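Comments concern the structure below.
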Amino acid sequence: MAETTRKTVILGGGLTGISAAIHLRRPWVLFEREAKLGGLAVSEERDGFHFDLTGHWLHLRDPAIKQLVAEVLPGEMASVQRRARIFSHGVTTLFPFQANLFGLPPEVIKECLLGVIEAKLRSAGTPPRNFEEYCLRHFGAGISRHFMIPYNEKLWGVHPRTITADWCSRFVPLPNLEQVVAGAVGADAGSMGYNVSFLYPNRGGIETLTRALGARIRGGEVHLRSSVESIDLHRREVVVGGQKVPYQAVVATMALPELLARISDLPDDIAGHASRLRCTTLRYLNVATRSPAAADWHWLYVPEKRLPFYRVGIYSNAVASMAPAGAASLYVELADRGPVSAATLSDVAQGLAEIGAIGSPGDIRFADAREIKYAYVVFDEHYQAATTAIFRFLESHAIYPRGRYGAWTYNAMEDCLLAGREVAATIENAPGSKTP
Ligand SMILES: Cc1cc2nc3c(=O)[nH]c(=O)nc-3n(C[C@H](O)[C@H](O)[C@H](O)COP(=O)(O)OP(=O)(O)OC[C@H]3O[C@@H](n4cnc5c(N)ncnc54)[C@H](O)[C@@H]3O)c2cc1C
């Protein structure tokens, strides 16, 4: 097969695949399993209520990606100042917990402050071995006990002592002592975190952006409802719908275990690493109400174990068109990974009233359960060795794993748009790559 007849094959049409398609100048073909592009960045509508696959708020840092978004949706993205809150010990406080203790019961504030001071006084010592140690080191015992440990256990589905802190530098704000004290006495500790403001389409949910980006794709072939069946490394072919498609390079954005399972001639050591990749599934609810939301926040973190969810968001508080007038659309991210029972739904309804999201359980018009099979990659003790070996092996066969589940990581939509741009440049600059 002449090299020039081989194309770049993009596996998966989420934001990473879409971005790769936008940025590649060489011939490419994209295969997407579903009937539409978007992956996790899609939306659904029921009776005038709009939902994403839980909150998908867009945080942009890169100037070129900002420009791309502005070009594809000129004037159609709302810029929203974040209203994030925490519900703990029966009160609603500002985000992040560690810099906003004001309002919590005095004995909790005292325990948290003493813990921070003790942690700051302790010498740094050896690097933390896991995320629990990281929390104790940076926030002390009180903040760890009241927020960091219980919240993260609900989010990740595993105890923080079983995961490393590799993922958290960008996502977990680290206030200094002055900011912690200011936030504990009610003085302004300043806005913190990577997501102080965000962009969101004026209409239709995040899929409006995905569609606009999809419309920007030119020059290649997009095949929907096309699931990759297998990959032959030696022939450099992917098989889709029984058809063999020769490739020069592959951009692999489908979940890494799914990709590896489709490679027939995987060496034993790589298969061993593949068997140690772990990810948690997420179950969540699309909730519609008959009355306006009872709270004004966009999303709220819920660390306490007794409540069945760890985060709740109100789409229509960010952009009113997400729900009919006089109603609200919400997402509820459940701590339990099992099937959603009638008892869970009843607990959720009570819980939503308790946290002040809705006036009473009777305000709920419908609650639809959904699942994200691959939601949170687990950064356990095998993660580094497994991903390093797997990525080196794949790239030696011109397969470039990218995106949240291709690169098996924790990231956001902008990272995926950047990864698509980066991988297009990497492939075009690879040795032996020719522009036809
Ligand atoms: C609960 C949750 C909340 C989030 N909230 C935010 C947020 O607020 N802000 C933010 O910026 N980011 C958020 N993210 C992250 C964001 O969703 C991801 O970073 C991004 O959408 C991932 O894009 P991707 O293209 O890498 O992967 P995906 O969207 O997973 O795309 C992979 C594609 O591969 C396809 N595929 C799978 N198997 C095959 C096959 N065999 N053949 C062909 N195609 C296949 C899939 O159908 C899918 O379309 C959130 C993620 C989660 C899980």
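Miscellaneous remarks
- About its Cα centre, the dipole of the chain is roughly 560 debye, where the only charges are +1 on Lys and Arg Cβ and -1 on Asp and Glu Cβ.
- Modelled FRET efficiency - R0 35 Å, Glu354 with Ala320, Cβ distances, 0.05 increments: 0.90
- Relative contact order (%) - criterion: Cα under 8 Å, at least six apart; region: the chain: 25
- Take 411-424, 277-290 and order them by the average number of nearby Cβ atoms within 10 Å per residue, most first; the result is 411-424, 277-290.
- Candidate cross-link partners of Lys66 among the aspartates and glutamates, defined by an alpha-carbon separation under 19 Å and a same-chain spacing of 8 or more, comprise Glu76, Glu207, Glu414, Asp415, Glu422.
- In this structure, the residue pairs whose Cα-Cα separation is over 24 Å, taken from Lys7/Lys373; Lys154/Lys373; Lys120/Lys154; Lys7/Lys36, are Lys7/Lys373; Lys120/Lys154.
- Note on region 81-153: Cα convex hull, mean projected area over all directions, 5.4 nm².
- P(r) of region 1-42 over all Cα-Cα pairs, binned every 5 Å from zero, in whole percent: 6, 23, 29, 19, 12, 7, 3, 1
- Where a label projected 7 Å from the Cα of Ala261 along Cα→Cβ would reach, residues of region 276-297 with amide N under 17 Å: 276-282
- Sorting the Cα pairs of region 165-286 by distance into bins of 10 Å, from 0 upward, gives 9, 21, 25, 24, 13, 7, 1 percent per bin.
- Extension gain for Tyr410-Ala64 works out to 122.4 nm (0.36 nm per residue, less the C-alpha to C-alpha distance).
- DSSP-assigned coil residues among chymotrypsin sites (Phe, Trp or Tyr not before Pro) in region 167-251, each with at most 15 further Cβ atoms within 10 Å: Phe171, Tyr194
- Solution diffusion estimate, µm²/s, Stokes-Einstein, region 130-211, Kirkwood Rh from C-alpha pairs, 37 °C, viscosity 0.692 mPa s: 219
- Region 10-118: chymotrypsin sites (Phe, Trp or Tyr not before Pro) in DSSP coil with no more than 16 other Cβ atoms inside 10 Å: Phe102
- Estimated FRET transfer efficiency (Ile117, Ser275; beta-carbon r; R0 41 Å; 0.05): 0.40
Readers should treat all values here as calculations from the given coordinates under stated rules, not as data from a laboratory. Fair warning: this is a prediction, and the values are worked out from it, not measured in the lab. Ideal geometry is used to build each Cβ from the backbone, glycine not excepted, and the neighbour counts take in all protein chains shown.
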